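This report refers to the structure that appears directly beneath it.
The values are calculated or read from the model by the stated rules, or taken from the named source; none is laboratory data. Keep in mind that what you see is a predicted model, and the values were worked out from it rather than measured. Glycine also receives a Cβ, built like all others from the backbone with ideal geometry; neighbour counts cover every protein chain displayed. Quick note on the areas: whole protein, heavy atoms, side chains included, nothing else; ligands and nucleic acids left out. Shrake-Rupley method; radii C 1.70, N 1.55, O 1.52, S 1.80 Å.
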Amino acid sequence: MTTSRRYPSSTGVARLAGVSQSAVSRAFSEGGSGSEETSRKVFEAAKKLGYSPNLLPRILRKHRSNLVAVVISGTDNPFYASALEEFTRELQGTGHQVLLVHVDGDHSLDGVVPRLASYRVDAIVSALPVLSKDAAKAFANVRVPTISFNTPVRNRWVTSVCSDGAQGASAVADLFVARGARRFGFIAGSEGSHASDERLAGYRGRLRAHGHAGIELAAGDYTYEGGLRAVRELRDRGALPDAIFCANDLMAIGVLDGLRRSFGMRVPEDVLVAGFDDVPEASWLAYDLTTVVQDGKAMVAEAMGILQTMMSSSTSTGGIQRLVPGRLIERSTTRR
């Protein structure tokens with residue numbers, strides 16, 4: 001027979017410390033008015049009993065939980081994993097607790113609103129974007145400040161921190177042309193991805209400015225396996241492009257393995273390859289990938305600054321967009 005666990009109570013702490021129950025409450029309240037000696041007795045008694053205060057009454061009274069939801073779609077993508085770690089560190093450093101929420105594989109926040117509406121979170125942050133106006137409206141309806149990366153739609157409650165994908169992609173196009181490429185490919189992320197579309201637009205626009213109109217396109221869904229499939233698809237259509245830009249590093253690493261191991265091709269001698277993000281694996285000697293830095297640490301810092309402003313205001317101050325510049329790093333996959 002099992003019995004439910006009984007947690008130590010404030011009454012037990014008060015009895016052991018020889019103080020009133022209200023003194024226990026004051027000792028555990030921020031800015032409490034109890035004496036130092038009384039607080040010492042309370043904390044010693046609480047430690048002996050293993051007591052910690054129940055935050056639920058305070059949440060109900062103040063309508064603030066000190067919980068921030070961090071939404072992820074998995075940690076297979078090293079950029080998301082790094083952003084999750086950075087968000088958690090920064091939030092805990094400002095006294096917030098993290099509620100981790102997982103979204104299945106659609107690479108966006110659009111479907112998470114119904115699940116979060118039942119939690120009294122003070123804010124929502126994520127490296128995933130809000131993609132539709134209906135989803136942004138749903139976040140506004142629950143009136144919770146929401147900050148996400150690379151989000152194309154915003155309103156009073158939804159704010160975006162974006163990497164300058166078009167600028168970074170333009171730099172890749174310039175590099176490819178400078179290295180002598182004449183046929184160009186692009187491996188896109190997931191369908192409807194604003195970040196992928198923006199990177200393609202910057203890449204295509206700069207190539208047109210150089211007099212190159214055609215680009216071979218394939219989709220890789222932001223995954224390593226998708227990069228492998230995409231480069232095989234391009235090969236099956238005929239001659240491969242002699243320069244391939246991928247919307248993220250994970251796909252670019254798949255492309256590199258496909259070119260070298262499946263087709264026996266040399267990079268960069270036969271094909272130039274570049275990615276986007278600068279995940280740690282991009283600098284590994286096995287890949288040494290040319291890429292555009294998507295500065296996750298700077299994006300999290302921007303998000304945290306906006307979050308503090310939104311949460312300290314009596315009215316919503318969202319709807320803005322902050323742009324974080326990218327930076328091209330050339331490594332051996334383009335250095336002939």
**Report entry** Hz values of 3J(HN,Hα) by residue in the range 150-167 - Karplus curve (6.51, -1.76, 1.60), Gly and Pro given as x
**Finding:** 6, 9, x, 10, 9, 8, 4, 10, 10, 10, 10, 10, 10, 7, 6, x, 5, 5
Query raised in the report: What are the aspartates and glutamates whose alpha-carbon lies under 16 Å from the alpha-carbon of LYS297, with same-chain residues fewer than 8 places away excluded?
Result: GLU85, GLU86, GLU90, ASP164, ASP277, ASP278
**Report entry** Label zone at LYS133 (point 7 Å along Cα-to-Cβ), backbone N below 13 Å, the range 140-177
**Finding:** 153-155
Query - Nearest-10 value in Å² for the accessible area of VAL113, using the 1.4 Å probe - result: 10 Å²
Report task. Please report the base-10 log of the normalised intensity I(q)/I(0) for the range 175-258, using a Debye sum with one equal scatterer per alpha carbon and no solvent, at each q in 0.22, 0.24, 0.27 (1/Å). Result -> -1.03, -1.18, -1.36
Query raised in the report: Can you list the HN-Hα couplings for the range 198-211, worked out from phi with the Karplus curve (6.51, -1.76, 1.60; θ = phi - 60°), rounded to whole Hz and with x for Gly and Pro?
Result: 5, 5, 5, 4, x, 5, 5, x, 6, 5, 4, 4, 8, x
Query raised in the report: Amide H of SER190: which non-local residues (sequence gap of 5 or more, or other chain) have their own amide H closer than 5 Å, using H built in the peptide plane?
Result: ASP221, TYR222
Query - Between helix 36-49 and the chain: long-axis angle, C-alpha atoms, 0 to 90°, nearest 10 - result: 70 degrees
Query raised in the report: Taking the chain as a Gaussian network, Cα atoms linked when under 10 Å apart, which of ASP236, ASP221, ASP295 shows the biggest mean-square fluctuation?
Result: ASP236
Report summary line: Karplus ³J(HN,Hα) for the range 222-238 (6.51 cos²θ - 1.76 cosθ + 1.60, θ = phi - 60°; Hz, whole; x = Gly/Pro) runs 6, 10, 4, 4, x, x, 4, 4, 5, 5, 5, 4, 4, 5, 5, 6, x
Report summary line: Computed, not fitted: 222 nm per-residue ellipticity of the chain from DSSP H runs ≥ 4 (each -39500 (n - 2.57)), nearest 500, equal to -12500 deg cm²/dmol
Report summary line: Most fluctuating of HIS96, HIS210, HIS194 in the GNM of the chain (C-alpha, under 10 Å) is HIS210
Report summary line: Taking only the Cα positions of the range 203-251, the convex hull volume per residue in Å³ is 76 Å³
Query raised in the report: What FRET efficiency would be calculated for the residue pair ARG322, ASN141, taking the C-beta separation as r and a Förster radius of 25 Å, to the nearest 0.05?
Result: 0.55
Query raised in the report: Which one of VAL158, THR223, VAL24 is farthest out on the positive end of the charge dipole of the chain, using unit charges on Cβ (Lys, Arg +1; Asp, Glu -1) and the Cα centre as origin?
Result: VAL24
Report summary line: Note: ARG208 to ILE329 extended length (0.36 nm per residue) minus current alpha-carbon separation gives 41.3 nm
Query raised in the report: Near the amide H of ASN248, under 5 Å away, which other amide H atoms are found, from residues 5 or more places off or on another chain, if H is placed in the peptide plane?
Result: PHE276
Query raised in the report: Once amide H atoms are built 1.01 Å from N in the peptide plane, which residues 5 or more positions from ARG183, or in another chain, come under 5 Å H to H?
Result: ASP242, ALA243
Requested in this report: Would you mind listing how long the chain runs along its three principal axes, going by Cα atoms, in whole Å with the largest first?
Outcome: 83, 42, 40
Query raised in the report: Under a 1.4 Å probe, what is the accessible area of the range 124-228 per residue, stated in Å²?
Result: 38 Å²
